[in-house]
1. In the stretch 33-66, how many residues are surrounded by fewer than 18 Cβ atoms within 10 Å (Cβ to Cβ) and on the phi > 0 side of the Ramachandran plot?
2. For the stretch 10-58, which positions are closer than 17 Å to Gln198 by Cβ and either touching a Cys at 6+ places or on another chain (Cβ under 8 Å) or touching a residue at least 40 places away in the same chain (Cβ under 8 Å) (or both)?
3. Is at least one residue of the stretch 169-189 modelled with pLDDT of 75 or more and either touching a His at 6+ places or on another chain (Cβ under 6 Å) or closer than 18 Å to Ala42 by Cβ (or both)?
4. Filter the stretch 13-32 down to the residues that are touching a Gly at 6+ places or on another chain (Cβ under 6 Å), surrounded by 18 or more Cβ atoms within 10 Å (Cβ to Cβ) and assigned to a loop (DSSP other than H, G, I, E, B) and list them by number.
5. When you go through (1) modelled with pLDDT of 95 or more; (2) out of contact with any Asp or Glu (no Cβ under 8 Å at 6 or more places or on another chain); (3) part of a loop (DSSP other than H, G, I, E, B) one by one for Gly81, which number turns out not to apply?
6. Val71 is checked against (1) surrounded by fewer than 21 Cβ atoms within 10 Å (Cβ to Cβ); (2) part of a loop (DSSP other than H, G, I, E, B) and fails just one. What number does that condition carry?
7. Within the stretch 84-107, restricting attention to residues that are among the aliphatic types (A, V, I, L, M) and not in a loop (DSSP other than H, G, I, E, B), which residue is nearest to Val55 (Cα to Cα)?
8. Going by what's in this entry, would Gly134 be described as assigned to a loop (DSSP other than H, G, I, E, B) and within 19 Å of Ala43 (Cβ to Cβ)?
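The values are calculated or read from the model by the stated rules, or taken from the named source; none is laboratory data. All values derive from a computational prediction rather than experimental measurement. Glycine gets a Cβ as well: all are built from the backbone with ideal geometry, and neighbour counts include every protein chain shown.
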Amino acid sequence: MIRHLGMAPSVHPDAYVAPTAVLSGQVSVGAGSCIMHGAVLAAEGGPVQVGAGCVIMENAVLRGTPGHRLVIGDRVLAGPGAQLTGCGIADEVFIAAGAMVLPGAHLGRAASVAAGAAVHLGAIVAPAARIPAGWVAVGDPARLYPPGQAEPIRTALAEAGWSFLPFMLGVDDAGGRRDQLRAALARYTAAMARHHRQDQVITTGQTDGP
């Protein structure tokens with residue numbers, strides 16, 4: 001566990017955090033939840049809250065951002081390699097291996113996201129909805145697009161008022177991708193180094209658990 005920006009993680013005594021997981025900053029883990037090997041829960045300017053009875057599986061990455069906290073309800077499973085950033089997850093949601101949920105999105109109670117699927121910026125997924133493997137959910141309410149539908153997805157994002165590059169990388173849509181990435185990465189690396197330079201490891205090894 002790491003103290004980041006003056007904030008330390010909080011883990012319920014009945015939760016389990018594997019020795020190789022990382023919890024950084026304003027992260028809370030509820031009763032009976034299990035954070036498995038290689039998972040990373042990082043409060044990068046916004047808190048990460050995991051409810052009770054959740055399982056965060058191997059190598060999942062959960063991240064809060066300055067504009068969007070990450071809040072997970074109770075009895076949620078995030079599969080191996082899942083990526084959840086700045087989103088809201090209601091109770092009893094299943095997120096399969098390799099799935100992504102992007103900032104501003106929300107999954108209603110008992111929704112499921114199959115392997116490799118994505119819930120895009122700001123998408124609002126109804127309770128008990130099912131997103132098939134590899135498909136993409138966009139908009140409010142979410143519409144589903146099969147793999148390979150890049151242009152309709154871009155159009156749907158624009159209609160919903162989201163623009164991927166400016167939001168995710170802080171760059172203008174205009175100009176070439178090479179210049180956009182150079183500008184974004186210069187700013188991002190400087191910020192990450194500045195914010196993490198004073199990090200302090202406060203515990204290592206297995207936490208107390210059931």
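1. Number of matching residues: 1.
2. If the condition is that a residue be closer than 17 Å to Gln198 by Cβ and either touching a Cys at 6+ places or on another chain (Cβ under 8 Å) or touching a residue at least 40 places away in the same chain (Cβ under 8 Å) (or both), then Ser24, Glu44, Gly45 are the ones that fit.
3. yes
4. Within the stretch 13-32, Gly30, Gly32 meet the criteria.
5. Of the numbered conditions (1) modelled with pLDDT of 95 or more; (2) out of contact with any Asp or Glu (no Cβ under 8 Å at 6 or more places or on another chain); (3) part of a loop (DSSP other than H, G, I, E, B), the odd one out for Gly81 is (2).
6. Here Val71 clears every test but (2).
7. Ile95
8. In short, no.
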